[in-house]
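Each remark here refers to the structure printed beneath this line.
Read-outs: derived from the displayed coordinates by stated rules, not from any lab. Keep in mind that what you see is a predicted model, and the values were worked out from it rather than measured. In this analysis, Cβ positions are derived from the backbone assuming ideal geometry, glycine residues included, and neighbour counts consider all displayed protein chains.
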Amino acid sequence: MQLSSARILLVVGGGVAAYKSLDLARRLRERGARVRAVLTDAGKHFITPLSLAALTGEKVFEDLFSLTDEAEMGHIELSRDADLIVIAPATADLLAKASHGLAGDLASTLLLATDKRILAAPAMNLRMWLAPATRRNVATLRGDGMLFVGPNDGAMACGEFGPGRMAEPLEIVAAVEAALASPAAIAPPASAAKAGALAGKRVVVTSGPTHEPIDPVRYIANRSSGKQGHAIARAAADAGALVTLVSGPVNVADPAGVHVVHVETAREMLAAVEKALPCDIFIAAAAVADWRVEAMREKLKKSAAGPPRLALVENPDILATIAALKKTRPALVVGFAAETENVVAHARKKLARKKCDLIVANDVSPETGIMGGDNNEVHLVGAAGVEHWPKLAKDEVARRLVEAIALRLEDAAQ
Ligand code: CTP
């Protein structure tokens with residue numbers, strides 16, 4: 001379906017971002033859509049029904065128990081007489097109500113009564129967005145088929161910086177167009193791990209390479225892109241976990257709904273992981289540099305004596321360090337094994353040597369295209385045996401891994 005002939009029901013919740021919804025209504029109408037709006041009581045603290053009515057060109061609905069509204073158009077009809085419902089801003093309160101099926105006001109009643117797709121543009125303080133309750137609610141709603149756009153990272157009205165800013169109006173318009181164009185998108189995406197599979201669990205993931213300085217302008221690095229580790233962090237958050245991602249320098253975006261700590265070196269990565277403890281699950285997906293150069297303060301110069309010789313010292317092994325913890329060892333410690341030969345045999349040895357519970361082994365020989373690519377072919381190596389997975393998109397590997405981890409965690413708890 002085209003946006004130019006679509007009927008959009010816009011639910012405006014109570015958040016500072018509500019002012020952007022006025023622009024959103026205008027942008028949708030410019031593109032030919034009919035927009036009807038519902039303004040919550042909290043929303044009225046931020047924008048007025050009059051401005052929404054002026055920009056939508058329609059009456060604004062506010063009250064569940066309005067006789068006049070019910071006579072004109074019942075609230076059930078209102079929710080069904082739309083091709084798509086857009087919640088913007090989708091506050092923590094609205095998401096919580098929707099995930100629990102509450103129906104105490106017009107907005108939540110509509111969300112419960114509708115048989116149409118719902119697209120939510122969350123907006124809230126980053127701590128509210130990262131709170132376990134919100135993570136659980138979002139995971140449940142995703143599992144129910146609710147679509148999400150944003151939130152984005154950035155400066156917030158409350159003075160903090162992080163995930164929680166509502167997506168920009170044109171980003172929401174693009175998400176609306178995508179939702180209308182592909183009805184299949186309403187079904188819980190096949191790529192979403194079982195909703196709530198890790199609800200309330202604390203997960204720490206490392207991702208990307210590390211950069212080890214040679215001198216102030218040069219460094220040792222590797223070809224890791226961070227795609228697999230970031231996809232795992234995203235999949236764990238989608239499954240309801242509270243995720244900290246400790247990322248080396250990468251070119252992929254921070255996943256939404258994940259607390260991201262950016263580091264450069266292996267030692268910084270270890271410190272950030274230790275700071276993020278305690279957690280239930282630790283997943284070491286980073287390609288940590290095994291060695292660093294002994295400190296060199298000044299830029300190396302060419303000299304008649306020939307090229308410099310770099311003295312290397314071993315970096316701490318983050319995975320082995322975390323797996324060896326006594327009191328704060330996570331219930332499940334998962335490592336990766338990047339190999340170029342005898343993949344499973346090497347992975348078995350790593351499992352034992354690093355004392356972790358599970359190793360995700362892959363062949364990173366250049367001809368596989370795995371390092372830096374979008375696909376991965378892995379073997380899951382545990383004490384109980386080896387599972388061979390076919391070549392899959394890294395997002396799908398992440399989803400399956402999260403499910404496998406959730407199952408193991410359940411088994412361990414029994
Ligand atoms: N790892 C880590 N800290 C390091 C090195 C590796 O946490 N200093 C983790 C990786 O994140 C991965 C696992 O250990 O989960 C295995 O990494 P890999 O590079 O395959 O193995 P190495 O430890 O380098 O062992 P080897 O030299 O035998 O390949």
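Summary of values
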{"item": "Inter-probe distance in nm under a simple model that places probes 7 Å from Cα toward Cβ, at Glu367 and Lys355", "result": "3.9"}
{"item": "Relative contact order of the chain, pairs being alpha-carbon contacts under 8 Å that are 6 or more residues apart, as %", "result": "12"}
{"item": "Residues of region 257-289 with amide N under 18 Å of the 7 Å Cα→Cβ point at Arg223", "result": "286-289"}
{"item": "Residue-count net charge about Leu112 - beta-carbon cut-off 14 Å; Lys, Arg +1, Asp, Glu -1", "result": "0"}
{"item": "Gap separating the Cα centres of region 247-287 and region 60-126, nearest whole Å", "result": "37"}
{"item": "Percent of beta bridges antiparallel (DSSP, the chain, rounded to nearest 5)", "result": "30"}
{"item": "Theoretical gain in end-to-end length, Ala383 to Glu268 [0.36 nm per residue, Cα-Cα removed]", "result": "38.3 nm"}
{"item": "Pairwise Cα inverse-distance average, inverted: Kirkwood Rh of the chain (Å)", "result": "23.3"}
{"item": "Of Phe65, Leu170, Met371, farthest towards positive along the dipole that unit charges on Lys, Arg, Asp, Glu beta carbons give the chain", "result": "Met371"}
{"item": "Simple spin-label estimate for Asp144 and Cys158 in nanometres, 7 Å along Cα-Cβ", "result": "2.4"}
{"item": "Förster radius 30 Å - calculated FRET efficiency between Ala131 and Ala324, Cβ distance, rounded to 0.05", "result": "0.45"}
{"item": "Debye, to nearest 20: dipole size of region 195-323, +1 on Lys, Arg Cβ, -1 on Asp, Glu Cβ", "result": "360"}
{"item": "Computed lengthening from Asp23 to Lys275, 0.36 nm per intervening residue step minus Cα-Cα distance", "result": "86.6 nm"}
{"item": "Cα centre as origin, Lys/Arg/Asp/Glu Cβ charges: the chain dipole, Debye", "result": "1160"}
{"item": "Among Ala139, Ala305, Ala345 - extreme Cα towards positive end, dipole of the chain, charges at beta-carbon", "result": "Ala305"}
{"item": "Subset of Lys275/Lys327; Lys227/Lys275; Lys327/Lys355; Lys349/Lys391 violating a 19 Å alpha-carbon distance limit", "result": "Lys227/Lys275; Lys349/Lys391"}
{"item": "Contact order relative to length of region 202-413, as percent, for alpha carbon pairs under 8 angstrom and 6 or more apart", "result": "20"}
{"item": "Added length on full extension, which subtracts the Cα-Cα distance from 0.36 nm per residue, Arg80 to Glu341", "result": "88.2 nm"}
{"item": "For region 7-37 versus region 350-414, the gap between their alpha-carbon centres in whole angstrom", "result": "43"}
{"item": "GluC sites (Glu not before Pro) restricted to region 1-86 and DSSP loop, no more than 16 other C-beta within 10 Å", "result": "Glu58"}
{"item": "Check: region 202-413 dipole with +1 on Lys, Arg Cβ and -1 on Asp, Glu Cβ, in debye", "result": "640"}
